[in-house]
Amino acid sequence: MSQGVQLHLALILFAPWFAVLSVLFWRYPRQPRGPARTMFDAASLTVATAAAFAGMYWGMAHADAGYGPMWKQVFATSLAYGLYLGVMAVALIARIRWLSRPTSLSRTVP
């Protein structure tokens, strides 16, 4: 296996699953959908992907090869997946809180 493929194997294998999670995050809930929500979702997905890449590279560089040749891949994949899910979980919680707070139009004036 070439070094380039070996280095990126963690993300190659998880790309379909990351795509499914990203589409679900982007599409639901369908409303409200405005420019601020679109920017927040795009930024969240970008940060999650960047964190997954960073975790994968860090894991490949710091995994102990004494546990076998596959350990680097297992460790890098675990870190990439965990970081992606962690960032997406924080973004989802932040978005739920943001969308559930009352807007100035829905407040009643005494």
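What to note about this one:
- Condition check for LEU92: farther than 19 Å from LEU9 by Cα and either modelled with pLDDT of 95 or more or surrounded by fewer than 16 Cβ atoms within 10 Å (Cβ to Cβ) (or both): yes
- The stretch 23-55 - residue that is modelled with pLDDT of 95 or more and of a type in the set (Ser, Thr, Tyr) and, of those, surrounded by the most Cβ atoms within 10 Å (Cβ to Cβ): SER44
The values are calculated or read from the model by the stated rules, or taken from the named source; none is laboratory data. On a predicted model such as this, the values are computed, not experimentally measured, just so you know. Don't worry about glycine lacking a Cβ; one is built from the backbone with ideal geometry, like all the others, and counts go over all protein chains shown.
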